[in-house]
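See structure below.
The numbers here are math on the coordinates, done by the rules we state, and not lab data. Predicted, not measured: the structure shown is a model, and the values here were computed from it. So basically every Cβ, Gly included, is an ideal-geometry build from the backbone, and we count neighbours across all protein chains shown.
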Amino acid sequence: MSCAASSLSVVAIASTQIQVEKVMETAVAGHRGSVVALVGIIVNLVTRLRARRVIDRSLGLLSSAALLTLGAAAIHFAVAHEHLAGYMPYGVFFVGLGIVQVGLAAAIVVVPSRRLFVIAAAGTGMVMGIWLLSRTVGMPIGPIPWSPEPVGFTDVVTTLLEGIAVIQFLRLFRRPVRPRPRSRIRVALSMVPLVLFAPFAAFLGVGAALAPMPAAYNAAPAIPGQASTSVVDLTAQRGSEPVKKFTLTAAVRNIDAHEAWTFNGTVPGPELRVKAGDRVMVTLVNHLPGATSIHWHGIIVPNAMDGVAGITQDAVKPGGTFTYEFVANEAGTYWYHSHQDTSHQIADGLIGSIVVEPKDEHAAIGRDYSLLVHTQPGSDAIAVNGASNLRLDATPGETVRLRIINAVVPGFDGAPLTPVLVGAPYFVEALDGHDVNAPRQLGPERLPLGMGQRADVVFTMPDKGAVRLVGLKGSAMFPWSAPPTASVTIGDGPTPGVDVSSLPSFDLTRYGAPAGDPVVDAAHYDVTRDIVLGGGPMFRNGTFDFSDTFDGMASPYVAPIRVREGQLVRLHIVNNSPKFHPIHIHGHVFSVLAKNGHRLTGAPIHLDAILVAPGETWDVAFKADNPGIWMLHCHVLAHATAGMSMTINYEGIYTPFAMGTQSGNIPE
Ligand code: C2O
Ligand code: CU
């Protein structure tokens, strides 16, 4: 009977070994041979152990301690490769540590003794201590001595495995190896949780270690032997345009008890106003503790001025400066923001609006306000130009243009902002800065704006009463808390109340009057690319989590769209995910062709970000008329960071810049 029970335990162990093997196989496809061999050794050892009749109630403890130690060893082997390339002594250390841990695991099952358990606990504790030191004060040796390393996912998993192993060693020490009557089935069952946990954790740790953030990834390397132009040389030709100069100093400021990253001390940064045709020169001065850059969202700039860290420039280091120079050819509503570690730096406050006014003085109207709707740094509160209830002046009969810019960090679903104008009929004069042909007058409607998108609404102030912009709702930090809201009041007096949720939604596919558009009317497109928006769990950037993907791939490994200057490019975007994705293009403008297969029935619509709702399909096209290496990404920055980012690469153009840990350029 005892024989039957012990064989049960062994079966349990053996089947676990098969799991280990399976799991490890997926994680370390390249090291399959050694993993299989390793598993073989363990199974063998356990069999020998059984023959030596050491099996007793400590078997659960013994095997889990061994498995936990093996798991930590596997992760140490997996990280060694990256360290050998980066800083060799660390690589050697991790290989050595892995070997010692494999030996320890074997010794635990073959020659268990209280002395061994003490040594194991002390040794493992010491490894954890070294780790703690390296993450807090840093190590005396290393690429940069005495500088603490960031805590990564693999660290946490390894330390967790080792921590539990130490507990098991101590329990083993307290419980000497001595036969005691106890149900073998209970023994087998009691070890199930850890025996499952150890390989699973090791699988996650090894997988993450084998998929680190690339050290240096070049989106468009120069091809040897082929003549090509560097993005650095794609600048604005000298000309005689009127020059408008600005300085934006980036620095940390305390705003409402939160540490904000600011341009010129405020969030948002100053509104920049220029006239169409102006040569704009903006000097970025970086007084932040980290590197940064500025991207001119929606403005057609030469590639070298696009501000994308790791593609069009190196991020500007603390203390550094960079001068952006471009000709603002097209009037419209735009905004600027950091394009280094964008998901954090936009949320931290590095944003501002830039308005390009029409050249023609007479086109100017009564009141013209840019409204940058944004999240307040360090909180989920939303605001317009820094105020939660913004008041603006306007007198009865005056024409007012509101340039609404959505810079609000949305929830994980990426849902759009849906502002509503109440108190006066209005026109949607422009979308993403581009005029709409013959806009129709509208009553209160929800105007969906994905993050990054803009809408210009124009109305005449009523004889009495105020006009309000409502429905500006952020996303709540917790499901049970109320979503934060903001509003804008123009003029004085009461405004009619509306139930925002019952209002219809503005539909850009049938707004305004049809007109000719060479990109829409083209009979043929030179390049067509299907882009499927999706997502799923993945090992990426040294961790295991949910990725948002283009065609099943996460950045930087999404295949670029390759184009030649002059080509017409069509994108067929299919959203197979349950989230909203405002897909933003740099350096170009989309002409919208169709939604869910149906052509637009209203005015031609030009956008730099197309909002794709769950289940929707959009066809857009653009003319490749601005050579460079350009980003195309979801403007829900959490999605972009999670992989939804790619590039449009022009033939004959290369970038000397790289993204990754070496340069510290992280565009998203
Ligand atoms: Cu508004 Cu790639 O950015
Ligand atoms: Cu998205």
Length gain on complete extension for the stretch Val118 to Arg273, per 0.36 nm per residue less the alpha carbon to alpha carbon distance?
48.7 nm
Positive dipole terminus of segment 532-573, leading residue within Thr543, Pro556, Leu568 (C-beta point charges):
Leu568
Between segment 88-122 and segment 241-287, what is the separation of their alpha carbon centroids in Å?
56
Sum up the charges of everything whose Cβ sits under 13 Å from the Cβ of Phe322, counting Lys and Arg as +1 and Asp and Glu as -1, but leave Phe322 out.
-2
Along the dipole axis of the chain (charges at Cβ: +1 for Lys and Arg, -1 for Asp and Glu; origin at the Cα centre), the most positive-end residue among His598, Leu172, Pro656 is Leu172
Quick check on the exposure proxy: order Trp618, Trp335, Trp480 from fewest to most C-beta atoms within 10 angstrom.
Trp480, Trp618, Trp335
How far is it, in nm, from the label point at Ile167 to the one at Gln441 when both lie 7 Å from their Cα along the line to the Cβ?
7.1
Using alpha carbons only, how many degrees (0 to 90, rounded to 10) separate the axis of helix 88-110 from the longest principal axis of the chain?
40
Taking only C-alpha pairs under 8 Å that are 6+ residues apart, what is the relative contact order of segment 336-488 in percent?
25
By a straight-distance test (C-alpha under 26 Å), which lysines pair with Lys623 as possible cross-link partners, with residues fewer than eight away in the same chain excluded?
Lys275, Lys359, Lys595
Dipole magnitude (debye, nearest 20) for segment 469-564, charges at Cβ of Lys, Arg, Asp, Glu:
240
For Met538, Met88, Met659, what ranking results if the residue with the fewest other Cβ atoms within 10 Å of its Cβ goes first?
Met88, Met538, Met659
Charge sum, other residues only, whose C-beta stays under 9 Å from Gly566's C-beta, Lys/Arg counted +1 and Asp/Glu -1:
-1
Dipole magnitude (debye, nearest 20) for the chain, charges at Cβ of Lys, Arg, Asp, Glu:
4040
FRET E, pair His287, Arg564, Förster distance 35 Å, beta-carbon r, rounded to 0.05:
0.25
Neighbourhood net charge (11 Å Cβ-Cβ; Lys/Arg +1, Asp/Glu -1) for Ala276
-3
Using a 10 Å cut-off around each Cβ, can you sort Thr549, Thr661 from fewest to most neighbouring Cβ atoms?
Thr661, Thr549
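Given the DSSP H assignment, sum -39500 (n - 2.57) over each helix run of at least 4 residues in the chain and divide by its residue total; what's the result at 222 nm in deg cm²/dmol, nearest 500?
-9000 deg cm²/dmol
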Against the longest principal axis of the chain, how steep is helix 2-27, in degrees 0 to 90 to the nearest 10, with axes from Cα atoms?
30
To the nearest 20 Debye, how big is the dipole of segment 310-462 about its Cα centre, given +1 on the beta carbon of each Lys and Arg and -1 on that of each Asp and Glu?
280
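Using alpha-carbon pairs under 8 Å, 6+ residues apart, how would you state the relative contact order of segment 64-166 in percent?
Relative contact order for segment 64-166 comes out at 35 percent.
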Rounded tilt (10° steps) of 114-136 against the dominant C-alpha axis of the chain
20
In whole angstrom, note down how far apart the Cα centers of segment 558-610 and segment 438-513 are.
25
Lys/Arg +1, Asp/Glu -1 at C-beta; the chain dipole; positive extreme among Ser240, Tyr511, Gly152:
Gly152
